[in-house]
Amino acid sequence: MPSFLNNTFASFFNRILQFGHAGNNGTPTSTTSIQSGDGVATSVSLSDDVLQVQPQNDDTTQTLVVANAGGSRILTVDTDNSKVLVGASQIASNTLIKEMGLYDFSPLAGYHYPLMAHTMFGGSLTVAFAGDTDWGNGDDPATTLDVSGLTAQENAVAVYWYLDNNITLDSVRYIATSDGSATLNFHLFAYTLDTSSNHGDLSSGTVHANASVAATATTIKTGTFSLDEADIDTGKVVVGFVENVTDTSDVSVSFQIQYHIR
C-alpha cells in the first residue's frame, strides 16, 4: 500500500485529497469538490453540512455503492438509469405492486375483456364489458374507446388505472384458470385519457406487455409477460385484458404488475 514515509512531498502530493478552493480556508460552508493534489476533481463534493456525489465524466450503474462486510451490495445508486437499488435483491427503492383481476366470468370467444383495477366489485356484482362493442376481437384490444357508446360508464371507472407518475414496468405476472381447456391471451395497454372535451374517452392505445397460456379446469397456471415497452408516462390510463381464444369457458385471472416510479 502506498505510504508517505521516507518519500519527498513532490513524489506523493498528487495522491492527497483537498478541497477545491483557493486559500487556506478549511471546510467550506458551500458544497465544494474534492480534488487530487494536482487539481483533478473527484465525484465527491463536501461542505460542513452536505455530502454530494456527482460523476465528473460518465454516468454509471454504480455511481455510489454500499456493501456489507462480505462484499454484498445493500445500496447502489445507478445514475445511468436514474435508479436507487436496495436490499439483498437490489431492487429499485420505489418498487410498487399493482393488482388487477376478474373472477369467474363468462366471456365470448375471441373478445378482449378488461380486468378490474380497483376493489370496487366482487363475485356476482361484477359486470364485464360487452367485448363485441367495446374492446373488439382483433389480435389486440382496441386502441380507442368512446365512453358515450358504453352501456354503463361506471364500468370504465372500474378498469381505468390512472398514472400520477412516470413509471417503468419491471415485470408482469399472471395467475389464471379456466372451466375448460382454453388458450388465454393477456395484454397490458396504456391509453391517452381525454380530460378536456370528450371526458373519459381513450385513444393512442399501446401494448406494453403480453402473454399467453393454455389453461385447464384442473390447474392454475402462472407465468410472466413479455415486456414490449417498459416505460409508461404520467397521465396515461393503464388497462389489463384477458381473451379466451378457444371458447366460452369461464375464466378467473389476476395480474401482478411490479413497477417503479421514474
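The values are calculated or read from the model by the stated rules, or taken from the named source; none is laboratory data. These numbers were taken from a predicted model, which means no experiment stands behind them. With ideal geometry, Cβ positions are generated from the backbone for all residues, glycine too; neighbour counts draw on all protein chains shown.
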- Going by the conditions given, is P55 touching a strand residue (DSSP E or B) at 6+ places or on another chain (Cβ under 7 Å), assigned to a loop (DSSP other than H, G, I, E, B) and either modelled with pLDDT of 90 or more or exposed (fewer than 10 other Cβ atoms within 10 Å of the Cβ) (or both)? yes
Across (1) free of Cβ contacts under 8 Å to residues at least 24 places away in the same chain; (2) surrounded by 14 or more Cβ atoms within 10 Å (Cβ to Cβ), T218 clears everything bar (2)
Within the range 182-193, residues of a type outside the set (V, I, T) and modelled with pLDDT of 95 or more come out as L184, N185, F186, H187, L188, F189, A190, Y191, L193
Report yes if some residue within the range 177-196 is more than 19 Å from D134 (Cβ to Cβ) and free of Cβ contacts under 8 Å to residues at least 40 places away in the same chain; otherwise report no. yes
When the range 37-52 is checked residue by residue, the ones that are at pLDDT 90 or above and surrounded by 15 or more Cβ atoms within 10 Å (Cβ to Cβ) are none
Kindly check whether there is at least one residue in the range 88-106 that is assigned by TED's automatic domain parsing to the domain that holds I167, buried (at least 16 other Cβ atoms within 10 Å of the Cβ), modelled with pLDDT of 80 or more and not in a strand (DSSP E or B). no
The range 180-262: strands (runs of 3 or more DSSP E) wholly inside it with 2 or more residues that are within 20 Å of I167 (Cα to Cα), of a type in the set (S, T, Y) and within 21 Å of the chain's Cα centre (by Cα) are 182-193, 202-215
In the set S204, S212, S196, S148, the lone residue that is over 21 Å from Q256 (Cα atoms), surrounded by fewer than 17 Cβ atoms within 10 Å (Cβ to Cβ) and modelled with pLDDT of 95 or more is S204
Within the range 90-122, of all residues that are within 15 Å of the chain's Cα centre (by Cα) and of a type in the set (S, T, Y), the one farthest from S254 (Cα to Cα) is S93
